[in-house]
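Shown next, in structure tokens, is the structure this report addresses.
The values are calculated or read from the model by the stated rules, or taken from the named source; none is laboratory data. The structure displayed is predicted, hence computed values, not measured ones. Here the Cβ positions follow ideal geometry from the backbone for every residue, glycine too, while neighbour counts run over all protein chains shown. Ligands, DNA and RNA are excluded from the accessible area calculation, which covers all protein heavy atoms including side chains. Shrake-Rupley method; radii C 1.70, N 1.55, O 1.52, S 1.80 Å.
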Amino acid sequence: MEAHAPLPDHRICELARLSRDARFDGLFFTAVSSTGIYCRPVCPAPPPKPQNVSYYVSAAAAEAAGFRPCLRCRPELSPADGAWRRGDHVVARALKLIEAGALAEQPLSALAERVALGERQLRRLFAERLGASPIGVHATRRLLFAKQLLTETGLPITEVALASGFGSLRRFNSVFKEAYRMAPRDLRKQEGQGAAGEVLTLRLGYRPPYDFTAMLDFLRGRALPGVEHVDAVSYARVVGDAAAPGWLRVSAWPGAVHALKLELKGVAASQMLGVVDRLRRMFDLDADPAAISLALSEDPRLAPLLARRPGLRIPSGWDGFEIAIRAVVGQQVSVAAARTVTARLAQRFGSTLPAPWGEGPHTHLFPTPPALAEADLDGIGLTRARAQTVRTVARAVLEGAVDFRPETTLEDFVARWVALPGIGPWTAHYLALRALGHPDAFPAEDLVLQKAVPTDGTRLGARQLAQRAQAWRPWRGYAVLHLWKDAMPAPATPPPAPTSVSPKPRTRASS
């Protein structure tokens, strides 16, 4: 991905701040010298005088300059700048590693090595692009998540410290007080403690527009009975393992709020930040629709699709291995057929959940690589070749021949996967799209795409389609979703909650 401008033009920042334009939420932050506070562009507080305002490209940059987060607009709720958290630019890859916890237990030198840079060069790139060091980005991320937990939940402060990546309560109190000039308990007293109980509720912000209905339609058509449950208003699944399962549910936040509602139950405090990061990727919450539309709307075939569905996002999956098995099972079959066979596989080889979990819509977890590496897959509807590919993928993941590491470039990811028997370019790019949420993944071999781009009834070859799509980079993945959506037959009547919306049968875009 090409490098993006570090900060919008000053005039644009001014207009966005004064109009509280939610499209710029997370793309920059407003710092006020007279108060020492930094805010989101959508802050409802009266606008400060222009001479007191400065702009920062990231929350970490504002905090590095000595500003504290606003308690009213709550910068921890802003979506991330998707330009720097998606794609193959080295800053994007490093940020994905930071979000995966790379700096929690390892030094900066290890992070730099994983993105094939020197430590000094990585610090320079972060300073140029984000206005802060990698360590500063990591620290701000932890503190803002802690601030959200203190404000929105009744989680004990000791568990808040653990959830936000601090090894001890003393260290957490010290760092929090130094950064925000108040102790965690004082913030909770000032803001009020969130609801207590077994179910924790968190807000996951996004940059509008966001088509949550289309997201649920896509996920519902592929939902595996017993593993996950998708209805007209929410997505839910059990996570963790059978010995200590947890539950999550994602729905729209009530009212005119640009956020999704996350409910968690039984998820260990130490896993919460990772769960939130997974869901932000899965539901594509950090995308920048304006930047995507600006690039893709230049194509006359895509322009009307973007105008029709400006909030369409890339629906990723919860787990990379799960998506890989689904993709193999779904090669050259319909969505419905792939779902049926994958559900049989999951029920036979997945771990059964104990009571009371197994008494509801969730009865088992998706199988692990060890469970499928040597599995007898006869009798579930797979061809012999497809069954062998499932076992091959499971063994390759166990051996480390393929993986879903966040720092992997699209080119490297595809090359490693197509080296496996039974995995072609379509499957590899489909995995990049749905397992990594890669914005530029493009399965040019997809029959639906080849027929959907021309409007005269003809069909493009894979090479022709790939050449046409060069102009769509680095957002080809969003073009895929728009074209797939456009190719779906519209239902005669709105479906009831449990009914899936499936594309035409016998396509390769079916998993």
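Alpha-carbon geometry of the chain: the Rg and the Dmax are 22.9, 72 Å, given in that order. With 23 Å as the limit, the listed pairs Lys49/Lys177; Lys147/Lys261; Lys49/Lys189 have Lys49/Lys177; Lys49/Lys189 beyond it between alpha carbons. Annotation: amide H of Gly226 within the under-5 Å range of Thr363, sequence separation 5 or more or interchain, hydrogens built in the peptide plane.
Using the heavy atoms of the protein chains and a 1.4 angstrom probe, tell me the accessible area per residue for segment 47-92 in square angstrom.
Details: 1550 Å² over 46 residues.
Per residue, segment 47-92 has an accessible area of 34 Å².
Averaged per residue, segment 320-487 has 40 square angstrom of accessible surface, using a 1.4 angstrom probe with ligands and nucleic acids left out. Helix 272-282 and the long axis of the chain differ in direction by around 60°, with both axes built from C-alpha atoms. Size descriptors for segment 196-280: radius of gyration and Dmax over Cα atoms are 13.1, 40 Å.
No disulfide-compatible partner, judged by a Cβ distance under 4.7 Å, exists for the following cysteines of the chain: Cys13.
Phi angles across segment 13-24 convert, under the Karplus curve 6.51 cos²θ - 1.76 cosθ + 1.60 with θ = phi - 60°, into 3J(HN,Hα) values of 4, 4, 5, 5, 5, 5, 9, 6, 6, 5, 5, 9 Hz, Gly and Pro given as x. The helix-only estimate of mean residue ellipticity at 222 nm for the chain, built from DSSP H runs of length n ≥ 4 each weighted as -39500 (n - 2.57), is -12500 deg cm²/dmol after division by the residue total.
Whenever you get a sec, compute what percent of the accessible area on the chain sits on carbon and sulfur atoms (1.4 Å probe). Here carbon and sulfur together make up 53 percent of the probe-accessible area.
Each principal axis of segment 320-487 carries a Cα extent, and these read 53, 32, 31 Å when sorted largest first. Distance distribution note for segment 3-67: the fraction of Cα pairs above 20 angstrom is 17%.
Placing a label point 7 Å from the Cα of Arg185 along the Cα-to-Cβ line, the residues of segment 157-177 whose backbone N sits under 16 Å from it are 157-161, 169-177.
Computed from Cα atoms, the angle from the helix 134-152 axis to the main principal axis of the chain rounds to 90 degrees.
Once you have the Cα-Cα distance between Gln470 and Val257, take 0.36 nm times their residue separation minus that, and quote the gain in nm to one decimal. Walk me through the intermediate numbers first.
On the way: separation 213, 0.36 × 213 = 76.68 nm, distance 3.58 nm.
Between Gln470 and Val257, full extension yields an extra 73.1 nm.
Placing +1 on each Lys and Arg Cβ and -1 on each Asp and Glu Cβ, with no other charges, gives segment 320-487 a dipole about its Cα centre of roughly 380 debye.
Can you find, among Gly477, Val335, Ala268, the residue farthest towards the positive end of the dipole of the chain? Put +1 on the C-beta of Lys and Arg, -1 on that of Asp and Glu. Going by the Cα projections, it comes out as Gly477.
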